[in-house]
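**Student:** Here's a structure for you.
Quick note: the coordinates plus some simple rules give every number you see, no bench work behind them. These numbers were taken from a predicted model, which means no experiment stands behind them. For neighbour counting, all protein chains shown are included, and Cβ atoms are generated from backbone atoms with ideal geometry for every residue, glycine included.
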Amino acid sequence: MYVHEMEANIRSILERPEGAVLTRPDDSGLSVDALEQILIAEEREITRHRAIQIAALQVIDQAQVATADGARNLTEWVAGRLDIGIDSAQALVRATRRTEQRPELRRAMANGTATFDRVEAASRIDDRDPDPLFLHLEVNGVHREAAIRARKTAAEERRTIEDSHLVLQPSLDRSWYKIWGGVDGMLGVIVDGTLTEIADKLPVDPDLPQSRNGAWRLAMALAELCAGDDPPPAHITVFVDAAHAAANDARAGVYLQAGPTVGRDALDAILCDSVDCVIVDDEQGKPMHYGNSSRSIPPALRRAIIHRDRNGCVIDGSRARLQVHHIVPRSEGGPTEPENLITLCWFHHHVAIHRLGLVLYRHPEHGRWRLRPATRPPP
């Protein structure tokens, strides 16, 4: 059966009435081998289209169209115009620039003898190689070979810096941020090494199962790095819709000046140690109380509490990024008095207690402070 006849058969399946699903090779009337040939033929066609895109992108790159259109770089322009992800756009831009003086690689794409991924990987290797497509290797093998043998020009090195980017995308209610991007190899090693070093120093707590997860620890390391050794107190305005907040114990109706709503845990974290101003609206939305901006824990009292606790976190003795915590939260009437204040490191304060909900308690045998899940009774 010819490839175009196979394609016609597949198209007839795709045009079946709604609800008809292809789940087995037998449903198509084709063998697995025939379906495999369709996949291969379609991939060749995709590669041919990529060859056309590369030729067009070369002209666009030379004309600096991306800059004229207000894009930071060609990768950003391609991602927006083609509605593709940053990684796909980067690969297309890299292939365009690297094959500019490699006509044999572009011909291989145009005639379907090599896939786009193979050409993109092979384009990193000097064109004097007798086997420019490395057909004896899988594509991953070509990438490994390229990592060893590739020669970087000064222009390519500059482009890796120009293409470096970091994107923070908040959800609609700003309760979650998606972070992605890319940097050149040297910066990547620095970022990786710095975050790994901080992550390795974070405690592994049996009451925090995720504290053993490498990806989770790297995320916490990034937050701790940004917090700094002695971060200034956050200046935060909290708005409270009295009708909603009273009805559900402040689990709704509380939001920040920047827009995101916050729950009870986040509110406790804000009130624990920040410069805050609380504005309460009545049931008609009219402000009925303006709170004055004030430091929840005055600087002198903060220094006294840290000194009393021997300049270290009461959980593990850590001396880095120390903060003072209200044992009984202010939202529950806890006073800002020495007997209700305690010294914690950033991790145990903001991650373990305020974000994951662990509870402080004194161990009955030795009297030292420990943490436990709120669902587990104290010993």
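**Student:** For the range 299-350, what's the relative contact order in percent, using C-alpha pairs closer than 8 Å and at least 6 residues apart?
**Tutor:** Once normalised by length, the contact order is 40 percent.
**Student:** Can you tell me the order of 335-347, 164-176 when each peptide is scored by its average per-residue count of other Cβ atoms within 10 angstrom, highest first?
**Tutor:** Details: 335-347: 18.4, 164-176: 11.2.
Ranking the peptides 335-347, 164-176 by packing returns 335-347, 164-176.
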